[in-house]
Structure formats: structure tokens, C-alpha cells
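The values are calculated or read from the model by the stated rules, or taken from the named source; none is laboratory data. The structure displayed is predicted, hence computed values, not measured ones. With ideal geometry, Cβ positions are generated from the backbone for all residues, glycine too; neighbour counts draw on all protein chains shown.
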Amino acid sequence: MSSKFGFDLNEYESEERSYEPLPKGEYELKCTEAEEKTTQKGGTMIAATFEVVSGKYANRKIWNNYNIHNDSEKAQRIGREQVSAWARACGKPNATSVDELLERSFTAVLDIEKGTNGYSDRNRIVGYVGKDSAPAVKSKAKEPSLLDLEDDNLSTAKVKPEAKEGKKKNPWD
């Protein structure tokens with residue numbers, strides 16, 4: 001099947017993009033998209049897309065998931081604490097919906113999470129800095145990533161090899 005583009009490809013250059021994780025540190029972010037998703041186990045999570053607002057890395061994307069309903073009380077508590085810290089960092093401590101947090105800038109602390117099972121290293125939000133210049137509210141150093149908690153349970157995600165083998169990969173499994 002042949003289809004014409006309707007424009008000359010030579011008139012456009014592809015812009016060079018880096019997909020390497022950003023260096024560890026504090027960044028001004030805003031949430032540009034957030035979607036409630038159901039996990040395969042019937043839980044609910046918020047899948048959020050963040051964008052760096054300014055500086056050398058402006059417009060780079062960060063993805064984070066937040067468990068809000070989960071059979072694992074620990075996973076649910078971690079997710080809810082992180083959403084609460086995000087809301088406070090946005091200056092909306094009494095938010096009742098993720099819609100109230102969209103497009104609101106805040107400062108987050110990013111770390112680099114080592115990739116596993118063929119996945120690349122990625123950034124992870126590990127802390128939120130309050131609007132009143134309070135120190136960063138950081139997740140506990142050894143807390144698991146929210147991706148570890150539920151990403152392989154998304155109805156649209158690929159099942160990682162270890163999940164197929166039935167091995168426990170988290171202490172709360």
C-alpha cells in the first residue's frame with residue numbers, strides 16, 4: 001500500500017534527543033498528564049507524566065506511578081504518602097483530585113533507579129520540596145519503586161520474566 005506524506009522529508013531535521021536519565025538532584029517539574037489505571041490484581045494507580053519546567057533539561061519527561069488502592073497495605077501506604085507529598089509540594093495540601101495538581105510546578109528530588117530485566121536505568125522521584133522552602137520530603141532510602149510494586153501488573157504492560165516464573169521480587173508479595 002502506498003501513501004504520500006504530502007510534504008518533503010528533506011525540509012525537516014530530526015531533533016537530537018537524549019533518553020539517558022537526568023543526573024540526581026532537584027528539578028522543577030509539572031505534571032502534564034495523569035491517568036487512573038487498574039492493575040491486573042484489581043488495584044488502582046495513578047500513572048503520571050511529569051515534565052522538567054526549566055533549565056538545561058527543560059521539556060524532558062519523567063514517569064511515576066502511585067498506588068492508591070492495593071491489596072498490599074504497604075504499597076498503598078507508600079503511594080498515598082507520595083501523592084500527599086506531591087500535593088503539598090504543589091501548594092495544594094487539601095487537593096481531592098489529581099486534576100488539581102496538573103500543570104502546577106513544584107520541586108522534586110530525582111534519583112536514578114538501576115534498570116533490571118532488560119529495562120534501562122530511569123529516573124525516579126524520591127522526594128518533594130514544599131512550596132514554603134521546607135526541606136525535601138524524601139522516601140525512605142530502601143523503599144521499593146512504585147514501578148516495582150505494580151508496573152508489571154498493569155493490564156497493558158508486558159509481564160517481566162521473573163513474574164512469569166512466579167518468583168517473589170518484593171518483600172510484601
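When you go through (1) touching a Pro at 6+ places or on another chain (Cβ under 9 Å); (2) closer than 16 Å to residue 98 by Cα one by one for residue 35, which number turns out not to apply?
(1)
Starting from the stretch 110-131, keep only residues that are part of a strand (DSSP E or B), then list their pairs with residues that are among the aromatic types (Phe, Trp, Tyr) whose Cβ atoms are within a distance under 6 Å, requiring at least 6 positions of separation or different chains.
Sorted first by the residue in the stretch 110-131, then by its partner, the pairs are 110/27; 128/86.
Filter the stretch 100-118 for residues that are surrounded by 14 or more Cβ atoms within 10 Å (Cβ to Cβ) and among the acidic types (Asp, Glu) and give the result.
111, 113
Quick one: residue 19 ticks every box in (1) in contact with a Leu (Cβ under 8 Å, 6 or more places away or on another chain); (2) more than 21 Å from residue 127 (Cα to Cα) bar one, so which box is it?
(1)
So which residues in the stretch 55-96 are hydroxyl-bearing (Ser, Thr, Tyr) and either within 17 Å of the chain's Cα centre (by Cα) or modelled with pLDDT of 95 or more (or both)?
At the first step, the residues of the stretch 55-96 found to be hydroxyl-bearing (Ser, Thr, Tyr) are 57, 66, 72, 84, 96.
If the condition is that a residue be hydroxyl-bearing (Ser, Thr, Tyr) and either within 17 Å of the chain's Cα centre (by Cα) or modelled with pLDDT of 95 or more (or both), then 57, 66, 84, 96 are the ones that fit.
Within the bounds of the stretch 129-146, is there any residue that is at pLDDT 90 or above and within 17 Å of residue 80 (Cα to Cα)?
Here is the first cut: in the stretch 129-146, the residues at pLDDT 90 or above are 129.
Then keep just the ones that are within 17 Å of residue 80 (Cα to Cα); that gives 129.
Checked the stretch 129-146: at least one residue is at pLDDT 90 or above and within 17 Å of residue 80 (Cα to Cα).
Of all residues in the stretch 81-103, count the ones that are within 15 Å of residue 64 (Cβ to Cβ) and basic (Lys, Arg). Break it down stepwise before answering.
We begin by selecting, within the stretch 81-103, every residue within 15 Å of residue 64 (Cβ to Cβ); these are 81-87, 89-90, 98, 101-102.
Keeping just the survivors that are basic (Lys, Arg) gives none.
Adding up the residues that qualify gives 0.
Report, by residue number, each residue of the stretch 77-109 that is of a type in the set (Lys, Arg) and in a strand (DSSP E or B).
Narrowing the stretch 77-109 to residues of a type in the set (Lys, Arg): 77, 80, 88, 92, 104.
If the condition is that a residue be of a type in the set (Lys, Arg) and in a strand (DSSP E or B), then no residue fits.
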